[in-house]
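Each remark here refers to the structure printed beneath this line.
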Amino acid sequence: MKHPELAFYTLAGQPESPRDMLDELRVGEAMGFGTAFISERYNSKEACTLSGAAGAVTDQIRIATAATNHNTRHPMVTAGYALTMHGLTGGRFVLGIGRGIVPMQRAYGIPTISTAQMEDFAGVIRRLLRGEPVIGHDGPIGSYPFLHFGAEVKAPVPLLLVAFGPNSLALAGRCFDEVVLHTYFTDETTARAVRSVKQAAEQAGRDPASVKVWSCFATVGDHLPPARRLMKTVGRMATYLQAYGDLLVRTNGWDPAVLERFRSDSLVSGFQGGIDTKATPDQLEHIATLIPEDWLAPSATGSPDQCADAIQGQLDLGCDGVILHGASPSELEPIVKTWATRKATS
C-alpha cells in the first residue's frame, strides 16, 4: 500500500446500494489507501456482511469496523466473525467497537454501553483469539460458563475503539491497538485526545507508539458540486448535533447556547430522520445559518493543495493516520494525487 497513513469510510452517508462498496474498495485499493473503514447502519450496512464482501474483493488494504457495538451479538459470534475475517483477509482485519448512539439504543431496546463493558469485552475477545478458554466469566458484559474456540486458534486481530470522551480515550490507551477520534474535533481537542490516549498507554505499561490514533477528518474538496458539499458538511454536522450534540459541544468547548438555538429551530425540531440523508438543498441552506463557521472549520476543504495541507495538519497534531471522511475514493482522487506528489518530492 502506498499510503498507510490514509484511510476512507466505504459507503459514506446513505448509499443507494451496499454493492456500491465493491467498486469503492477496488478504486481505494488502487489509489493506495491503507485502510477502509466500515460503519454500521442496520438498514443496509450490517458490518459482518460488508466485511466479508470487502475481504473478498481486496488483496492489500486493511478492513476495519468503526464501529459495531459489542452487545448486539454474543461474544462468541463476534469473536468468530473476527477469526473468520482474519483468515479470509490473511490478517488484514481490524475489529472496531464503539459506544453507539444512546437514543437509538433506547428506542430499539438495546442496553446502553459502559466503559467497563467495552474493557471487559476487549479482554474476553483477546483471550478467545489467543485460543484460551474463558471459564466462569462473570463481568460487566455478562456471565458465560464456557467460551472457547480451541487451543490451535492464534489470531492476533487488532482491536480498535471509537473514542469520544475522556473515559473512552483512556480506555483506548489501556486496552486497544487503535483509536478513531470523532469528526469535527477542533485542533485543541484533537491534540488533547492524542495526549490522553498516549499517556494512558504509557501508564498501563504499553508503548504509546503502539496505539495508533486516527483522525476522522471531514474531507470535502471544492471540486465537488456545491449541493453535495453542503450535504457533506452542514448536513453531517447537523446530524451529529441531532445525535449527541451535548457531548460534541462540551468536548470542543463550544457555546451550548448555539446548540439550543439549533435544536429549537422549527425545521430542526420537527425533522424526521437524519438531516445528512433526508434534507433538501433548501433545508440545508437554512440549517447552515444555524451552525457557526468555526464549528465546521476543523475539516479539509478547498483546493486539493488546501486539503493536503489540512491533512498534514492532523498528523502534525500527533495523529498517526487520517481518515478522509465523508467522501468516496473517487471523490477523493484529486486530493490523494496531490498527497502522493508531495510524498514523492519530500
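Nothing in this text is a laboratory measurement; each read-out follows from the coordinates by a stated rule. Predicted model, so just to flag it, every value in this text is computed and none were measured. Methodologically, a virtual Cβ is constructed for each residue, glycine included, from the backbone with ideal geometry; neighbour enumeration extends over all protein chains shown.
Shown for 114, 269: other C-beta atoms within 10 Å of each C-beta, ranked fewest to most, produce the order 269, 114.
Between residue 293 and residue 195, the modelled labels are 2.9 nm apart [label points 7 Å from Cα along Cα→Cβ].
The tail of the calculated P(r) for the range 112-155, taken as Cα-Cα distances beyond 15 Å, holds 41 percent of the pairs. Computed as a quarter of the hull surface, the mean projected area of the alpha carbon convex hull for the range 7-89 stands at 5.0 nm². Restricting the calculation to Cα atoms, the range 76-169 yields a radius of gyration followed by a Dmax of 14.2, 41 Å. FRET efficiency for the pair residue 272 and residue 250, taken as 1/(1 + (r/R0)^6) with r the Cβ-Cβ distance and R0 = 25 Å, rounds to 0.40. Computed from the alpha carbon positions, the gyration tensor of the chain leads to an equivalent ellipsoid with semi-axes of 31, 24, 20 Å, biggest first.
For residue 278, the lysines whose Cα falls under 28 Å of its own Cα, not counting residues fewer than eight places away in the same chain, are 45, 232. For 5, 333, the sequence from fewest to most other C-beta atoms within 10 Å is 333, 5. Considering only trypsin sites (Lys or Arg not before Pro) in DSSP loops that have at most 14 other Cβ atoms within 10 Å, the longest stretch of the chain without any of them is 155-346. Computed over the range 216-266, the Cα gyration tensor eigenvalues convert (square root of 5λ each) into semi-axes of 23, 13, 8 Å, ordered from largest to smallest. Computed on the range 1-151, the Cα convex hull volume stands at 113 Å³ per residue. The GluC sites (Glu not before Pro) of the range 116-197 that meet both conditions, a loop assignment by DSSP and at most 16 other Cβ atoms within 10 Å of the site Cβ, are 152. In terms of other Cβ atoms within 10 Å, 184, 42 run from fewest to most in the order 42, 184. With all pairs of different C-alpha atoms in the average, the Kirkwood value for the hydrodynamic radius of the range 227-346 is 15.8 Å. Please report the projected area of the range 286-334's Cα convex hull averaged over all directions, in nm². Answer in nm², one decimal: 4.3. Placing dummy labels 7 Å off each Cα toward the beta-carbon, the span from residue 344 to residue 265 is 4.3 nm. Over all Cα atoms in the range 242-285, the spread is summed up by Rg and Dmax: 11.4, 30 Å. Take every pair of alpha-carbon atoms less than 8 Å apart whose residues are at least six positions apart; their mean separation over the length of the range 207-291 yields a relative contact order of 36 percent. Scaled against 2.2 N^0.38 Å for its residue count N, the alpha carbon radius of gyration of the range 134-282 is 1.36.
Per-residue ellipticity at 222 nm, computed for the chain from helices alone with -39500 (n - 2.57) per DSSP H run of at least four residues, works out to -14500 deg cm²/dmol.
Cross-link partners of residue 198 among lysines, defined as those whose alpha carbon lies under 24 angstrom from its own and excluding same-chain residues fewer than eight positions apart: 212.
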